[in-house]
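The values are calculated or read from the model by the stated rules, or taken from the named source; none is laboratory data. As the structure is a prediction and not an experimental result, all values here were calculated from the model. As a convention, Cβ positions derive from the backbone with ideal geometry for all residues, glycine included, and neighbour counts pool all protein chains shown. Heads up: the accessible areas ignore ligands, DNA and RNA and are worked out on the full protein's heavy atoms, side chains in. Shrake-Rupley method; radii C 1.70, N 1.55, O 1.52, S 1.80 Å.
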Amino acid sequence: MKPTEPDLEQILRRAPQPRPPTGLEEKLLRQVELPTCAQRAAETVPLLPPWRAWLNSWWPVVATACLAAACLVLVAVQQTELRELRAAVSAARARQAAGTAPRAAEVQAPAGASTARDPREDLERLRTVAKRAAADVRDLEALESENAKLRERVSAGPGLTAAEVQTMTDARDRARAIACINNLKQLGLAARIWAVDHGDVLPPNLISMSNEISSTKVLICPGDQGRQAATDWAAFSPANCSYEYLAASGSDTEAARVAFRCPIHGHVGLCDGSVQGYVGQRHPEYLVSRGGALLFEPPPNPSQAPPPGAAAPVAPTPTMSAEIMRRYGLQPPASAPAQAPANPQP
Amino acid sequence: MLMDPQPEQLVLAARAGDRAAAGELISRYYARIYALLRRLAGDDSDAADLTQRAFARIWQALPAFAGRATVASWMHSIAYRTYVDWLRSNHRAEPRSDEWWEACPAPDPSPADRAAASDLAATLFRAVDALEPAARSTVHLHYYQGLSLEETADALGIAVSTVKYRLRQALEALGARLRDHQHPLPRLNPQRQP
């Protein structure tokens, strides 16, 4: 007969014990060498309490059991809540089926209010609400008529004199020009930050310094009504930039070199980060093209500036091919309608 | 000293220098330690020598006993490590069976003891001695020495799950060897060289 595993275990547990030779116990007792006081003081480890020893062995089981118990409690609570919610839903359905669905006013009533109201009270309350609604309708009609009158006045004319209109227009244009200068400042700062990380070399294009530019909105001149800021850099195209970038891969040590130019206001941002306002419109002779770079070179002394009546030297227009302008985001793509940033109308 | 002190109390007393407590520990455990070493070493004199070495180590390790394991598993652990060190220091091969069970009949024969005295039990004990060392030491500690699974794991320095796995493997191997116990295993040379 083939022995089973319990049989084997029983036989193994009943295995005879080898008997120690006589005299071994006495020999062991003679050889007892207990630790000395110094050893005890240096090496003695305090005995753990029984529960601690038990916990050392069983803490994984205890932790798992606690976790399971917590999960059970959570599930029980959820089940209870679900049961209550189901009961509430079934009660609501029953009320709806019986045509006694609670009215909104009753639902919003504070707790403790009587659900069984007197019909006369309800009628009185509804009348009050109707009166209030009628008053609101009258106010609304009055407001609408007044609004219509105001619209008529606006459409007939603002009622402002030509001088006032001109003043407002000028103020708006100044605000846009200042915002444009601010944009150029930010672009110049971004280019210089990029150059600091890349050996004083300015970025090859606007996309390269996208990490340094806070928003694509700074690439749009407020006076440029024909362009819109890109939603993000992934959607950026030349049509989303109003400014000319003229210092691609240039050196930021060339302080007088023009890095950015606004074709609308004529502001120029130089490689040193500064911005000169209205240069393109008021002093185009200060812009000198030399060695493929556009430089800002005002006269060293204001007294040396040519008199207003004198013929100003013709400033050479920077020549850039359409290819380069497209590359630096200065021209919209061929598919987009040409925005002609070179001759803008602010 | 208390009338029937717990083993942990005996260890604490021995640690404090109480020779009587040390003697009580010897009286309680030396036979089991000797039996373990006798089965593992396969020789009476080697087993007696190893028992003395094991108890010398036990006295040295008394201050380090922290109670994380039971006293029995702690002593068996030291005895087993003494045996392993002895094997390594002498470059010995694993000693094989010398039919120790034939020389030490059980004091009160019971049906199970009678079965152990039979050919089946002899074949089983011989098969245990032919197991690989890890499984053999686990079987010795758990079945022969009567240690629990946790105590066996503490004595061998392994996880309880490993003890269970080794015992399962050992029982399967023993069952396979005993399928035809009409053909008993050949007697192994106790001093066989690897």
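Laid out as a table, the results:
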{"quantity": "Test: residue in the range B:10-23 that is open to solvent by 50 Å² or more (accessible area, probe 1.4 Å) and either among the β-branched types (Val, Ile, Thr) or at the interface with another protein chain (Cβ under 7 Å from one of its Cβ atoms) (or both)", "calculated": "yes"}
{"quantity": "Residue within the range B:15-24 that is under 19 Å from B:Tyr144 (Cα atoms) and assigned to a helix (DSSP H, G or I) present", "calculated": "no"}
{"quantity": "Looking only at the range B:146-184, and only at residues there that are closer than 20 Å to B:Arg68 by Cα and outside any helix (DSSP H, G or I), the one that is nearest to the other protein chains (Cβ to nearest Cβ)", "calculated": "B:Gly146"}
{"quantity": "When residues of the range A:199-219 are limited to those that are assigned to a helix (DSSP H, G or I) and of a type in the set (Ser, Thr, Tyr), the one farthest from A:Ala248 (Cα to Cα)", "calculated": "A:Thr216"}
{"quantity": "Residue tally, condition in a loop (DSSP other than H, G, I, E, B) and touching a helix residue (DSSP H, G or I) at 6+ places or on another chain (Cβ under 8 Å), over the range A:185-198", "calculated": "0"}
{"quantity": "Any hit, the range A:259-279, residues being outside any strand (DSSP E or B), over 43 Å from the mean Cα position of the chain (by Cα), at pLDDT below 90 and farther than 17 Å from A:Pro203 by Cα", "calculated": "no"}
{"quantity": "So A:Ala248, is it closer than 29 Å to A:Arg172 by Cα, surrounded by fewer than 21 Cβ atoms within 10 Å (Cβ to Cβ) and out of contact with any Asp or Glu (no Cβ under 7 Å at 6 or more places or on another chain)", "calculated": "no"}
{"quantity": "Selection from the range A:113-139 of residues that are at pLDDT below 85, in a helix (DSSP H, G or I) and open to solvent by less than 80 Å² (accessible area, probe 1.4 Å)", "calculated": "A:Asp122"}
{"quantity": "Criterion: modelled with pLDDT of 90 or more and out of contact with any Leu (no Cβ under 8 Å at 6 or more places or on another chain) - qualifying residue of B:Arg39, B:Arg92, B:Arg53, B:Arg88", "calculated": "B:Arg53"}
{"quantity": "Candidates B:Leu50, B:Leu37, filtered to the one that is more than 10 Å from chain A (Cβ to nearest Cβ), buried (at least 18 other Cβ atoms within 10 Å of the Cβ) and part of a helix (DSSP H, G or I)", "calculated": "B:Leu50"}
{"quantity": "A:Ala148 under 30 Å from A:Tyr278 (Cβ atoms) and among the small types (Gly, Ala, Ser)", "calculated": "no"}
{"quantity": "Output for the range A:1-16, where each listed residue is facing chain B (nearest Cβ under 7 Å) and either open to solvent by 80 Å² or more (accessible area, probe 1.4 Å) or modelled with pLDDT under 80 (or both)", "calculated": "A:Lys2, A:Pro3, A:Gln10, A:Arg13, A:Arg14"}
{"quantity": "Neighbours by Cβ (under 7 Å, 6+ apart or cross-chain): first from the range A:262-276, closer than 12 Å to A:Leu189 by Cβ; second open to solvent by less than 10 Å² (accessible area, probe 1.4 Å) and among the aromatic types (Phe, Trp, Tyr)", "calculated": "A:Gly269/A:Phe260"}
{"quantity": "Residues satisfying the stated conditions in the range B:61-78, i.e. facing chain A (nearest Cβ under 8 Å), assigned to a loop (DSSP other than H, G, I, E, B) and open to solvent by 30 Å² or more (accessible area, probe 1.4 Å)", "calculated": "B:Arg68"}
{"quantity": "Matching residues in the range B:160-177 - criterion: being over 18 Å from the mean Cα position of the chain (by Cα), among the aliphatic types (A, V, I, L, M) and over 18 Å from A:Ala15 (Cβ atoms)", "calculated": "B:Ala176"}
{"quantity": "Every pair of residues 6+ apart whose Cβ atoms lie under 8 Å, when the first sits in the range A:48-67 and is within 14 Å of chain B (Cβ to nearest Cβ) while the second is among the acidic types (Asp, Glu)", "calculated": "A:Ser57/B:Glu150"}
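Condition check ((1) closer than 24 Å to A:Val279 by Cα; (2) surrounded by 22 or more Cβ atoms within 10 Å (Cβ to Cβ); (3) among the small types (Gly, Ala, Ser)) across all residues:
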position	(1), (2), (3)
A:Val218	yes, no, no
A:Trp233	no, no, no
A:Ser237	no, no, yes
A:Ala259	yes, yes, yes
